[in-house]
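Heads up: the structure comes next, in structure tokens.
The values are calculated or read from the model by the stated rules, or taken from the named source; none is laboratory data. No experiment lies behind these values; they were computed from the predicted model shown. Backbone-built Cβ (ideal geometry, glycine too); neighbour counts: all protein chains shown.
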Amino acid sequence: MKPQAAFVVSVSRGLVISGILILILPVIAGAGALWFAMPVTELLVAIYVACMMARYTKNLPTGKEIL
């Protein structure tokens, strides 16, 4: 229901964060660190999604406001 947030999650998960980590992790920690690119990407995206869900649900009416 929030297309802008969904777009940010989709693009950042698929291209931005994973691409950056795929390029940077082997340089920083060696070739074996490449395996951590996707788990770290998923963790960062999950944190973003949790923050966005908290922000959006905080703005919902509580039910007392409806009555």
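Matching residues to (1) in a helix (DSSP H, G or I); (2) surrounded by 12 or more Cβ atoms within 10 Å (Cβ to Cβ); (3) more than 15 Å from the chain's Cα centre (by Cα):
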| position | (1), (2), (3) |
| --- | --- |
| Ala6 | yes, yes, no |
| Ile24 | yes, yes, yes |
| Val45 | yes, yes, no |
| Gly63 | no, no, yes |
*Checking Ser10 against (1) among the hydroxyl-bearing types (Ser, Thr, Tyr); (2) modelled with pLDDT of 90 or more; (3) surrounded by 13 or more Cβ atoms within 10 Å (Cβ to Cβ), which test does it fail?*
(3)
*Do we have Met38 as surrounded by fewer than 11 Cβ atoms within 10 Å (Cβ to Cβ) and either not in a helix (DSSP H, G or I) or not hydroxyl-bearing (Ser, Thr, Tyr) (or both) here?*
no
*Considering each residue of the stretch 12-40, count those that are closer than 21 Å to Lys2 by Cα and of a type in the set (S, T, N, Q), and give that number.*
1
